[in-house]
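Shown next, in structure tokens, is the structure this report addresses.
The values are calculated or read from the model by the stated rules, or taken from the named source; none is laboratory data. Remember, it's a predicted structure, so these values are computed and weren't measured experimentally. Note that each Cβ is placed from the backbone with ideal geometry, even for glycine, and that neighbours are counted across all protein chains shown. Heavy atoms of the whole protein, side chains included, go into the accessibility calculation; ligands, DNA and RNA do not. Shrake-Rupley method; radii C 1.70, N 1.55, O 1.52, S 1.80 Å.
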Amino acid sequence: MALSSFDIDAPRWDQSTFMGRLKHFFNITDCRTAVLPDSRLDEAKVLVESWRAGSAPPGTTEEQLHYAKKLYDSAFHPDTGDRMNLIGRMSFQVPGGMAITGFMLQFYRTVPAVVFWQWVNQSFNALVNYTNRNAASPITPKQIGVAYVTATSTALATAVGLNLYTKKAPPLVARWVPFVAVAAANCVNIPMMRQQEILNGIAVTDENGNKLGHSKKAAVKGITQVVVSRITMAAPGMIILPIIMQRLEKYKFMKRITFLHGPIQVMMVGVFLIFMVPAACSLFPQRCSLAVSKLEPELRDSIMSQYGDSIQKVYFNKGL
């Protein structure tokens, strides 16, 4: 293929398959991109946009274009093209998530520690959810505040309640409380942070990107898939690691280094997240689809009246 015909926006890997999406998300969730300066990211954006406009610098190679697109996808919002805040990027999920999750799993015994780390986690999640929303559906500061308070309250109530309830339960059950709290909060945090999409619908297009209208049902499908992905992302580390730690802590050498249990859990969570962040993001296509027959009657009738049976599916960005 001649470089002049290179389509920089075409998926590098087949997005209709899980393996294709997995390669894609391993690429854009690479945590090494999170430490690059904004100037380097802006250079990548300029190259991507120059190539789209047909005015890229002479001698640009396909390898340079692939890397520029990797940086662009990792740091700029797919709807707006604006640079996303560092903490909210998926490339920051591994370093951010491993630190917070590791300490949630370590400090689960006392109520003050549970409250603090669940608050930190929900603050982190709220920023991630806001950053990766479908930006075509704006949300007001008041709605952001309500979403944040609601999700944080849910996480704290779940964690503190279960923490007290499991005082007499086997130790391993108590270690799983943070995961239950995280899962419950995700079921609240994400829909609340993206409530405008549910209330007003999100933009849906045909296969070629031509806008057809707004759909609430599309929003519900996309947000549901994001909730499932986020819970899946956290599950292995927060379910399996407590089992590992409970067994390790019985050994004498572990009893001598209790001050290192927190850092050890942080590193082990990182190992899980390196694989689980891209794997969970790959569960569903980011460019989600919905059959026209399952849309709201008004939108379905509008599409049918304009296009007949030529359009069978609509497409939309489900967010991450």
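The length gained on full extension between Ile87 and Asp9, counted as 0.36 nm times the residue separation minus their Cα-Cα distance, comes to 25.6 nm. Please work out which option in (1) 38, 26, 16; (2) 47, 23, 15; (3) 86, 17, 14 gives semi-axes √(5λ) of the Cα gyration tensor in Å calculated from these coordinates, and answer with its label. Calculated semi-axes √(5λ) of the Cα gyration tensor in Å: the matching label is (1). Relative to the longest principal axis of the Cα atoms of the chain, helix 261-281 runs at roughly 30 degrees.
Put a dot 7 Å past the Cα of Lys255, heading toward its Cβ, do the same for Thr232, and the two dots end up 4.2 nm apart.
Sites count as exposed loop sites when they are chymotrypsin sites (Phe, Trp or Tyr not before Pro), lie in a DSSP loop, and have at most 15 other Cβ atoms within 10 angstrom; the longest stretch of the chain without one is 14-250. Each semi-axis of the equivalent ellipsoid for segment 70-148 is √(5λ) with λ an eigenvalue of the Cα gyration tensor; in descending order they amount to 27, 17, 6 Å. Taking label points 7 Å from Cα along the Cα-to-Cβ direction, Glu298 and Val120 give a separation of 4.6 nm. Which residue, Val177, Val188, Val292, has the most motion in a Gaussian network model of the chain that connects Cα atoms within less than 10 Å? Maximum fluctuation in the GNM of the chain, among the listed residues, is at Val292.
Taking segment 160-274 as the region of interest, the number of lysine pairs whose Cα atoms are within less than 29 Å, with members eight or more places apart or on different chains, is 7. For the chain, the longest principal axis of the C-alpha atoms and the axis of helix 141-165 are separated by about 30°.
Ellipsoid semi-axes for segment 180-320, based on the Cα gyration tensor and the rule √(5λ), read 45, 13, 10 Å when sorted largest first. Computed over neighbours whose Cβ is under 12 Å from that of Phe25, the net charge equals +2, Lys and Arg +1, Asp and Glu -1. Extending 7 Å from the Cα toward the beta-carbon at both Asp79 and Ser39 defines two label points whose distance is 3.3 nm. Over 22 Å, how big is the tail of the calculated P(r) for segment 124-211, in percent of all Cα pairs? Counting every Cα pair in segment 124-211, those more than 22 Å apart make up 41 percent.
Taking the longest Cα principal axis of the chain as reference, the axis of helix 62-75 is set at about 60 degrees.
Average accessible surface for the chain: 49 Å² per residue, computed with a 1.4 Å probe over protein heavy atoms with every protein chain in place.
Surface composition of segment 234-301: carbon plus sulfur atoms contribute 70% of the solvent-accessible area (1.4 Å probe, protein chains only, all chains present).
Loop-located trypsin sites (Lys or Arg not before Pro) across segment 1-81 with a Cβ neighbour count of 14 or fewer within 10 Å are Arg12, with loop assigned by DSSP. Value of Rg to Rh for segment 269-311, rounded to two decimals, is 1.37; Kirkwood radius and Rg both from alpha-carbon coordinates. Residues of segment 252-282 falling in the label zone of Ile243, defined by backbone nitrogen less than 16 Å from a point 7 Å along Cα to beta-carbon, are 269, 272.
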